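Report on one structure; see the data block that follows.
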Amino acid sequence: MKIKSELSKIIEKALNSANIKAKEIVISDATKSEFGDYQFNGVMRLAKELKRNPREIALEVVEHIDTTGMVSKVEVAGPGFINIWLNNEWLAEVTTDILDDKRVGVGFVEKPKRVVVDYSGPNMAKQMHVGHLRSTIIGDTLATLLEFLGDEVIRQNHIGDWGTQFGMLIAYLEEQNTDGNTQELKDLEQFYKDAKVRFDQSEEFANKAREYVVKIQSGHKHCLELWQSFIDASLGHCEEVYEKLNVNLTRDDVRAESFYNEQLSKILESLKEKNISTTSNGAECVFLEGDENPIIVQKSDGGFLYATTDLAALYFRANILKAKRICYVVDARQAQHFKQVFTIAKIAGLVGEDVSLEHIGFGTMMDKGGKPFKTRDGGVIKLVDLLDEAVVRAKDAIKDRDVHSKEELDAVAKAIGIGAVKYADLSISRESNYIFNWDKMLSFEGNTSLYMQYAYARIQSILRKYNAEVNGKIIIGDEIEHRLAVMILKFEDTLVKSAIEATPHTITSYLYDLVTVFMKFYELNPILRDDIEEEIKISRLQLATLTGAVIKKGLEILGIEVVDKI
RNA sequence: GCACUCAUAGCUCAGCUGGAUAGAGCAACGGUUUGCGGUACCGUAGGUCAGGGGUUCGAAUCCCUUUGAGUGUACCA
């Protein structure tokens, strides 16, 4: 339910009736429950323009507000706030209506767009490490969310499969004669290190590696085959991680760096033609106003750099894929790079004016001491290891819980462990750095996935215990049920906000608030006790069912599973 | 050097298109169970929103400045 826009309409109507013109009507959540459910604060601004007393205007507006349907009560408070209460009958009706709705009352965006979401982007030369976690899960959430709201989403996994290091790797691969065998390449990190050692030690090998770089890039058959087998094996590792992470990225979403290789010279030509780039110190550069250093689009030795590849990718996404919104879910440290690339793409006409280019930046994962997250000896932490540890720890956290068969326990531990890692990450506003803490993320308390999953499991437990079909409507009987119903209906506004700002933590905060209200409701209002009237019992069961459905859907968008029993 | 980001309770974080007495969780202290999962719920205490100035009827939020932390800055991605 798009509550805010519905309320805006009601206010707009009232303003019209009162003969007051307003440009924009912004409805905000009430800051306190005693101030109602929502509030309209725009009167104060209007008062200034109209040079009138704000309270006077507010009273006038309030008089014209329709309180026969959605809104039950309005009042003017303070200097001119208009507080709005939603009607219980209306809430009951609307929540009852969405009981059978798979989308739990969430509609579609009015104007669906084609959106490219670029995320994950692992480097094929190395194993995925914790640094890839954020891009992968924030991007995946954004993609799932936009899709759910009705946009047409094209996922793009811009994997790093091109560059000088691959000469070294395939030369080593050939020498080891492993043929891209996944078994042999199990530890990519080690493979890379070994290759590097060989590279540094043997002049002969180093020359061969350099030779191979040229050979791949010029399309030499044997080298390309070796390269391809290496990429396949490496991608296989990534897919294992995606599987564990419950992330929706497949081979169809892969559009590697090498894919753009052939386009690079065309991009360069077009930049030269339009006099956007110039030669400086032998390199082809773009000098942007306000930047002291240029963006190099071609090295002095003729090689291309990532800025050129990104320009080619932007061109492809805007013109071939025809996206109207392109989101790059990449580390915040690359903000400057994207700002520059976006600017060049726009002035060079590589993407249309109407295409929105967004760098969805995120901060770094830190350890308890506030330093970048590393292993004890300073190495990178492999993502697979981190995820496996999460599942082990989850199993430990639930060992005294409800009875499970061995299979059930494994499944539950996976849902909880992986969910905890993802939720902990997604619940932090994405631009800031965050501190990784196992104990905190695997706690039943506070804003954690386990708290949500626990609430969900309790709801399922009630429904199991009732053990009959729940059929009947919702009645809003008291304050807490009112608050719960409002929270349930806020789901859509929350998702829309999260989609526009590309902020998964908007969803987690909402879910936490929802669950908190539900837990209060659960404490205050007994559901299955014998002396509860059937009609009320059904209504409360329905509210619980609906809450469960929203939790499930919300977590699903975050790529986190729920379980019926913990 | 220049540019960007950040600074909110002891800790971890929300709140930032300006709105009422700045909110959660953890940790501390106290309370609630014949009621459906108590790993729950309720309460107490804890704040100069880094410092200073400005704009405004109104600033954690916008602008300027100081301090502190981080990041990026010509041929890696």
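Just to verify a number: FRET efficiency for A:Glu269 and A:Lys111, C-beta to C-beta distance, R0 = 35 Å, to 0.05?
The computed FRET efficiency comes out at 0.50.
Compactness of chain A is given as radius of gyration and Dmax, 28.1, 88 Å, from Cα positions. Tell me the GluC sites (Glu not before Pro) within region A:350-432 that lie in a loop according to DSSP and have at most 16 other beta-carbon atoms within 10 Å. Here the GluC sites (Glu not before Pro) that fit, given the DSSP loop and packing criteria, are A:Glu353, A:Glu431.
Cross-link partners of A:Lys274 among aspartates and glutamates, defined as those whose alpha carbon lies under 15 angstrom from its own and excluding same-chain residues fewer than eight positions apart: A:Glu284.
Our helix-only sum for chain A, with -39,500 (n - 2.57) per DSSP H run of n ≥ 4 divided by its residues, gives a mean residue ellipticity at 222 nm of -16500 deg cm²/dmol. Considering only alpha-carbon pairs that sit under 8 angstrom and 6 or more positions apart, the relative contact order computed for chain A is 15 percent.
Each eigenvalue of the Cα gyration tensor of region A:515-566, multiplied by 5 and square-rooted, gives one semi-axis; in descending order these are 25, 11, 10 Å. Once the Cα-Cα distance is subtracted from the 0.36 nm per residue extended length, the A:Lys374 to A:Lys21 segment shows a gain of 121.3 nm. The long axis of helix A:54-64 is offset from the longest Cα principal axis of chain A by roughly 70 degrees.
For chain A, the longest principal axis of the Cα atoms and the long axis of helix A:479-489 meet at an angle of about 40 degrees. The stretch between A:Ile500 and A:Asp301 holds 67.4 nm of extra length on full extension. This uses 0.36 nm per residue minus the Cα-Cα distance. Each residue, A:Glu407 and A:Ser202, gets one label point 7 Å from its Cα in the Cβ direction; the gap between the two is 5.0 nm.
I'd like to compare A:273-286, A:256-269: which one has the highest average count of other Cβ atoms within 10 Å, and what's the full order after that?
Highest-to-lowest ranking by the protection proxy: A:256-269, A:273-286.
For region A:449-563, the convex hull spanned by the alpha carbon atoms encloses 96 Å³ per residue.
By how many degrees, 0 to 90 and rounded to 10, does the Cα axis of helix A:203-217 deviate from the longest principal axis of chain A? Taking Cα atoms only, the helix is inclined about 60 degrees.
With an 8 Å Cα cut-off and a minimum separation of 6 or more residues, compute the relative contact order for region A:1-153 in percent. Once normalised by length, the contact order is 18 percent. Computed FRET efficiency, Cβ-Cβ of A:Glu49 and A:Ala77, R0 22 Å: what is it to the nearest 0.05? Computed FRET efficiency for A:Glu49 and A:Ala77: 0.55. Note on A:Glu34 and A:Lys346: their simple-model spin labels are 4.7 nm apart, each label 7 Å out from Cα toward Cβ. The modelled label-to-label distance between A:Ser429 and A:Asp354, using points 7 Å beyond Cα along the C-beta direction, is 3.3 nm. One way to sum up the overall shape of region A:160-256 is the equivalent ellipsoid from its Cα gyration tensor, whose semi-axes run 25, 16, 11 Å, largest first.
Only lysine pairs 8 or more places apart, or on different chains, with alpha-carbon atoms under 27 angstrom apart are counted in region A:165-253, and they number 13. Note on A:Glu174/A:Glu534: beta-carbon distance plugged into 1/(1 + (r/R0)^6) with R0 of 45 Å gives a FRET efficiency of 0.05. Here the contact order of region A:114-153, divided by its residue count and restricted to Cα pairs under 8 Å and six or more residues apart, works out to 52 percent. Shown here for region A:440-548: chymotrypsin sites (Phe, Trp or Tyr not before Pro) in loop regions (DSSP other than H, G, I, E, B) with at most 16 other Cβ atoms within 10 Å, namely A:Phe444.
Run through region A:47-110 and list the GluC sites (Glu not before Pro) located in a DSSP loop whose Cβ has at most 15 other Cβ atoms within 10 Å. Please list the in-between numbers first.
Working: sites: A:Glu49, A:Glu56, A:Glu60, A:Glu63, A:Glu75, A:Glu89, A:Glu93, A:Glu110; in loops: A:Glu110.
Those that pass, being in a loop and sparsely packed, are A:Glu110.
Read the figures in this text as sums done on the coordinates, not as results from a lab. It should be emphasised that the depicted structure is a prediction, and the values quoted were computed from it without experimental measurement. A quick note on method: Cβ atoms are made from the backbone with ideal geometry, for glycine too, and the neighbour counts reach across all protein chains shown.
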